[in-house]
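Novice: Sharing a structure here in structure tokens format.
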Amino acid sequence: MSSATWINEQIPPEPKVDWLSTLHREGLNQLTDFGWPNRKTEAWKYSPLTRVLKGSLLETPNTGSELSSFNAANLPAVDGIRLVFVNGQFESGLSDLEQLPAGVCWVRYSEANQEQQAYIQAQLQSGVVAQHSLTALHQTRVVDGWLLDVDEKVRIEKPVYWVHWAEASEESYSVLSRCVRLGKQSEMTLIEHQLSSEQSAAQFQHQSVHFDLADSARLRHQLLQLDGGDQVSVGSWNSRLANHAYLETFIMGLGGHLKRVDYSVCHQGEGAESRLDAAILPKDKQHFDLHTQFEHEVPHTQSQQVVRTIADDQAKAVFNGRIHIHPQAQKTLAELSNKNLLLSEQAEVYTKPELEIYADDVRCAHGATVSQLDHQALNYLRSRGISKAEAEVMLSFGFIQTLIQRVDHDVLIHYLVERLTSWFGADQQLTQHLGSL
């Protein structure tokens, strides 16, 4: 079946609320206009989507009923408010809803009040003017979603811990849509942890998140995409920052069959500030694609992006980072740094930092490098009695160590170091040593 035929045959599922039908129609129109991405589509030039159209990845919705291998004991012991999704479906029985403090509302789109539904609709409609056809496709599949609504001046002491568990006995897809609204001077930490059963069949996991930070709101967001295997994962995270709002993001991505993260931040208020740190680590034949887009629309805003990639075996990593300075955005400070490390001759990295500046009183910088391990450093470590394997692990871990240390949670740092030790193929006895580097 050709992609054009497949698009024409799409019939959106029945939504839980009537206004989602309008979004479905707009999404279908956008999808028809965009067409299915191919090698000539700039945003998907290095990330082919042929696998998504094959088999039943887009034909069999997953209900979230398979819970046989989910075990909370395998999660890091984060002292947080756990909200668990299984195959895109929220599982209240596995979640800590009773720990949500006063002034915080967790509600389905279909059960939200009139004001909340109008707000959600506006947020989702802003996503219909999509960066690419996969964002439009997501709009055609959403039947419900969740809103996390935080009142003004509410500080959530514990992290909100979103767990995304993927487990399926056959190929399927799951769609998840969420909105987070932080009122003025509110503050929270959000940890998103995506993982899957080792025995799970392939899934197409398609999600979107909208962050809306009011004046002086603060959000620390940690996105851990640690599911592997044969999973296809595509998601968009869209943020709007009002006056003096602050967004701090950490992304760790282990590869799967195909993973794509679109992370966009729109600085709409003076004094808004954002920082993104990302560590991307595909190996074997895995594929990870990170696209960022930082919009500076008003004066006196700041952003900083630091992206580190380590690719091994026959893995492929893609990074496209764009900074857009609008004409009225004078006194903007924006920086982007992308450094990439290749651990094998077969690994591939495609990087494209972009600056688009229409203001004349700004400070902006961007840069990218691609290299292999420093042979002089390797020889130095080996001359001190360290084995070649251990030296390679130490240098590789040191390449991303400063980013991991920015995670403001000791338990989570230890968990990530354990995962990295396994990723590097090192003896688990190195875990304690790596964590102290």
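The values are calculated or read from the model by the stated rules, or taken from the named source; none is laboratory data. Just so we're clear, the structure is a prediction, and the values are computed from it rather than from any experiment. Neighbour counts run over all protein chains shown; Cβ positions are idealised from the backbone, glycine included. We work out accessible area using only protein heavy atoms, side chains counted, and drop any ligands, DNA or RNA first. Shrake-Rupley method; radii C 1.70, N 1.55, O 1.52, S 1.80 Å.
Novice: Pop a pseudo-label 7 angstrom from the Cα along the beta-carbon direction at both Q328 and I413 and give the gap in nm to one decimal.
Specialist: 4.2 nm
Novice: Still on this structure, I have one more. Of K40/K339; K158/K184; K285/K339; K40/K285; K158/K316, which sit over 29 Å apart, Cα to Cα?
Specialist: Numbers: K40/K339 26 Å; K158/K184 19 Å; K285/K339 21 Å; K40/K285 23 Å; K158/K316 36 Å.
Beyond 29 Å: K158/K316.
Novice: Using a 1.4 Å probe on the protein heavy atoms, what percent of the accessible area of segment 3-372 belongs to carbon and sulfur? Intermediate values should be presented prior to the final figure.
Specialist: Working: 6330 of 14340 Å².
Roughly 44 percent of what the probe reaches on segment 3-372 is carbon or sulfur.
Novice: Which residue fluctuates the most in the chain, going by a Gaussian network model with Cα springs under 10 Å, if the choices are D374, D230, D312?
Specialist: Largest GNM mean-square fluctuation: D374.
Novice: With Cβ to Cβ distances under 11 Å as the rule, what net charge do the other residues near R363 carry (K, R +1; D, E -1)? Don't skip to the end; give the middle numbers.
Specialist: Details: positive: K331; negative: E335, D361.
Net local charge, R363 excluded: -1.
Novice: Name the most mobile residue of A118, A334, A43, meaning the one with the largest mean-square fluctuation, in a Gaussian network model of the chain with Cα contacts below 10 Å.
Specialist: Taking springs between Cα atoms under 10 Å, the residue moving most is A118.
Novice: Just one of (i) 35; (ii) 17; (iii) 30 is percent of Cα pairs over 39 Å apart calculated from these coordinates, so which is it?
Specialist: Read-out taken from this structure: (ii).
Novice: Hey, another quick one. About the Cα centre, and with charges only on the beta carbon of Lys, Arg (+1) and Asp, Glu (-1), how big is the dipole of the chain? Nearest 20 debye, please.
Specialist: That gives a dipole near 820 debye.
Novice: Charges on Cβ only, +1 for Lys and Arg, -1 for Asp and Glu, centred on the Cα centroid of the chain; of H164, H267, L147, which one is farthest towards the dipole's positive end?
Specialist: H267
Novice: Between segment 161-197 and segment 295-357, how far is it from one alpha carbon centroid to the other, in angstrom?
Specialist: Cα centroid to Cα centroid, the span is 24 Å.
Novice: Using a Cα-Cα cut-off of under 16 Å, which aspartates and glutamates could be cross-linked to K16, ignoring same-chain neighbours fewer than 8 residues away?
Specialist: Cross-link targets: E111, D144.
Novice: So which residue, out of L341, L176, L75, gets the largest mean-square fluctuation from a GNM of the chain using Cα contacts under 10 Å as springs?
Specialist: L75
Novice: Something else: Between beta-carbons, use under 13 Å as the cut-off and find the net charge around R240, counting Lys and Arg +1, Asp and Glu -1.
Specialist: On the way: positive: R181; negative: D212, D215, E295, E297.
Overall, the nearby charge balance is -3.
Novice: Might you work out the accessible area of T301 for me, using a 1.4 Å probe with all protein chains in place, and round it to the nearest 10 Å²?
Specialist: In the full protein context, T301 sits at about 0 Å².
Novice: Continuing with this model, one more query. Using a 1.4 Å probe, how large is the accessible area of C266, given in Å² and rounded to the nearest 10?
Specialist: Estimated to the nearest 10 Å², C266 gives 20 Å².
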